[in-house]
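Here the structure is laid out as structure tokens; the discussion comes afterwards.
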Amino acid sequence: MRRSNAAAAGPKFRREPADARREALVAATLACLEKFGHEGVSVRRISAEAGVSMGLINHHFPGIDGLIAAAYESLASRLLSGSRDPALAIAGDPLGSLHAFFSAAFAPQALDPAIFRTWLVFWSLVPHSRELRALRDRTHGETRATLASLLTRLKRLPGVPAFKVSSAAIGLSALMDGLWVELSLSPASFAPGKAVALCDDWVQALAAGAFPALRVATGSSRTSGARTGCR
């Protein structure tokens with residue numbers, strides 16, 4: 001018996017591993033948000049971008065909200081790794097590690113306008129989604145924890161006055177976020193290198209004890225604060 005041409009050619013489609021399919025759907029989601037903004041939050045658009053049926057999204061994720069959350073986490077993790085990895089690779093030089101973190105955070109790939117457009121969509125959805133709020137808090141906390149780890153190294157340097165690491169990490173994170181948003185909205189306002197220099201200057205000022213609110217009380221001041229419950 002002769003086999004048909006279709007049979008001889010083999011199956012037209014092959015089944016991909018679940019992890020690979022999930023990653024492809026996340027990538028398609030990010031691509032749709034970059035291209036279409038809020039209109040990209042669409043099962044139809046995302047499935048078309050991924051080249052799959054709409055039902056496959058519900059097979060791999062708990063609906064469109066779960067897929068959006070996965071895309072948020074993927075982008076946040078990628079951006080944090082891009083800054084954290086080069087910083088942690090530098091040993092014995094706290095200022096150099098922080099500078100590496102700043103340089104990566106304001107590198108061209110981090111300032112891609114498509115990334116900013118995607119974040120605008122995510123930010124607008126956070127107030128309306130408990131899952132996204134929790135995810136935002138966790139990923140932002142990971143960024144602050146990384147900064148706190150790098151600042152702890154700085155605090156251990158001889159001659160650096162004791163400072164409140166957690167509060168300093170919050171302040172530095174806010175400075176970086178503000179500079180990143182300004183550069184994304186108005187790229188011509190200043191160069192990315194200026195943003196890096198401003199962050200470096202902030203760290204140098206911290207190391208010199210220039211921020212009274214971040215200093216750790218010593219001696220009688222610390223004792224007095226403990227008695228009154230003041231910080």
Rank these for me by crowding, 115, 68, going from fewest to most other beta carbons within 10 Å. 115, 68
Through the Karplus equation 6.51 cos²θ - 1.76 cosθ + 1.60, θ set to phi - 60°, convert the phi angles of the stretch 88-93 into ³J(HN,Hα) values in whole Hz; use x for Gly and Pro. 6, 6, 9, 9, x, 9
Sum of side-chain charges, residue 104 neighbourhood, beta-carbon under 14 Å (Lys, Arg +1; Asp, Glu -1): -1
Magnitude of the Cβ-charge dipole of the stretch 84-228, K/R +1 and D/E -1, about the Cα centre, nearest 20 debye? 640 debye
From the alpha carbon gyration tensor of the stretch 162-224, can you work out the equivalent ellipsoid semi-axes (sqrt of 5 times each eigenvalue) and give them in Å, largest to smallest? 31, 11, 7
Subtract the Cα-Cα distance of residue 36 and residue 120 from 0.36 nm times their separation in residues, and report this length gain in nm to one decimal. 29.1 nm
Residue among 135, 58, 113 farthest towards the positive dipole end of the chain, charges placed on Cβ: 58
Roughly how tilted is helix 18-36, in degrees to the nearest 10 and between 0 and 90, from the longest Cα axis of the chain? 70 degrees
Expressed as a rounded percentage, what relative contact order does the stretch 22-68 have, with Cα pairs under 8 Å and six or more residues apart? 38 percent
Additional length obtainable on full extension of the chain from residue 44 to residue 160, 0.36 nm per residue less Cα span: 36.2 nm
Taking the Cα-to-Cβ direction at residue 64 and at residue 217 and moving 7 Å from each Cα, how far apart do the two end points lie in nm? 5.3 nm
Could you quote the convex hull projected area for the stretch 92-214, Cα atoms only and averaged over all directions, in nm²? 8.1 nm²
Could you tell me the calculated FRET efficiency between residue 144 and residue 21, based on Cβ-Cβ distance and R0 = 35 angstrom, to the nearest 0.05? 0.60
In the stretch 139-187, which trypsin sites (Lys or Arg not before Pro) fall in coil by DSSP and have 16 or fewer other Cβ atoms within 10 Å? 156
Quick one: if you stick a label point 7 Å off each Cα along the C-beta vector at residue 204 and residue 137, how many nm between them? 3.8 nm
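Would you work out the Kirkwood radius for the chain? I mean one over the mean of 1/r across all pairs of different Cα atoms, in Å.
Kirkwood hydrodynamic radius for the chain: 20.7 Å.
Expected output is a single nm value to one decimal: the length gained when fully extending between residue 189 and residue 77, i.e. 0.36 nm times separation in residues minus the C-alpha distance. What is it?
So the extension gain works out to 37.5 nm.
All of the numbers you see were taken from the coordinates with simple rules; none came from a lab. What you see is a predicted model, and the numbers here were worked out from it, not measured in a lab. Because the Cβ atoms are built from the backbone with ideal geometry, glycine has one as well, and the counts that use them run over all protein chains shown.
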